[in-house]
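Each remark here refers to the structure printed beneath this line.
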Amino acid sequence: MVVEGLAGPVVLAVNAFTGKHSVTVGGYQVSGTRRGNYTLPTADGRTVAAKLHSSLLDPHPSIEIAGVRYRTGPSLPVAVRVLVVLPLVLLVGGLIGGLIGAIGVGANLGIARGQQSTAVKSLLMIGVLILTVVVFVVLAAAVF
């Protein structure tokens, strides 16, 4: 995205499975803190503070530069956001269910960040949900 006054276009790369961010401005890597704070170079040689804002229900973080928030990806419908976290229902199954559910949420976040249409994303997320439930039932049957 191009932000007026910065030394070049801002590119935010997000690892689909770990959620780790990397920011470049004008092709140069910008270092940041673990809390999502970055110092971005401006066109006049100065720097400006930036802060990444992310949440579990929104796979595309926003970046706040000089008090203005910029979205880094398209907004998802509420139903798709619910599908992202639906595997967490397996938390009812205890530690094993929670672990499988967390893996399912990670997979769904990777799908949500993809370039597919909303319908394809939804179908893939439903597939992940079914797969997590099947894996949980098989593991629960094997353990108990």
*asked:* Quick check on Leu52: is it within 23 Å of Ser31 (Cβ to Cβ), of a type in the set (A, V, I, L, M) and within 12 Å of the chain's Cα centre (by Cα)?
replied: yes
*Please find, among Gly73, Gly19, Gly94, Gly98, the residue that is at pLDDT 90 or above, out of contact with any Phe, Trp or Tyr (no Cβ under 6 Å at 6 or more places or on another chain) and closer than 30 Å to Val133 by Cα.*
Gly98
_For the condition exposed (fewer than 14 other Cβ atoms within 10 Å of the Cβ) and either of a type in the set (Lys, Arg) or touching a helix residue (DSSP H, G or I) at 6+ places or on another chain (Cβ under 6 Å) (or both), what is the one hit in Lys20, Lys51?_
Lys20
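Quick grid of which residues meet (1) part of a helix (DSSP H, G or I); (2) touching an Asp or Glu at 6+ places or on another chain (Cβ under 8 Å); (3) under 30 Å from Asn37 (Cβ atoms):
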{"residue": "Arg69", "(1), (2), (3)": "no, no, yes"}
{"residue": "Pro74", "(1), (2), (3)": "no, no, yes"}
{"residue": "Leu95", "(1), (2), (3)": "yes, no, no"}
{"residue": "Gly101", "(1), (2), (3)": "yes, no, no"}
{"residue": "Gly104", "(1), (2), (3)": "yes, no, no"}
{"residue": "Asn108", "(1), (2), (3)": "yes, no, yes"}
{"residue": "Ser122", "(1), (2), (3)": "yes, no, no"}
{"residue": "Leu129", "(1), (2), (3)": "yes, no, no"}
{"residue": "Val135", "(1), (2), (3)": "yes, no, no"}
*Look through Val48, Val14, Val10, Val82 and report the one residue that is without any contact (Cβ under 8 Å) to a residue 40 or more places away in the chain and either among the hydrophobic types (A, V, I, L, M, F, W, C) or not assigned by TED's automatic domain parsing to the domain that holds Thr118 (or both).*
Val82
*Out of all the residues in segment 85-101, which are more than 27 Å from Ala119 (Cβ to Cβ) and either touching a residue at least 24 places away in the same chain (Cβ under 8 Å) or in contact with a helix residue (DSSP H, G or I) (Cβ under 6 Å, 6 or more places away or on another chain) (or both)?*
Leu91, Gly93, Ile96, Gly97, Gly98
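The values are calculated or read from the model by the stated rules, or taken from the named source; none is laboratory data. In this text the structure is predicted, and so the values were computed from the model without any measurement. Counting neighbours? That spans all protein chains shown, and the Cβs are built from the backbone with ideal geometry, glycine included.
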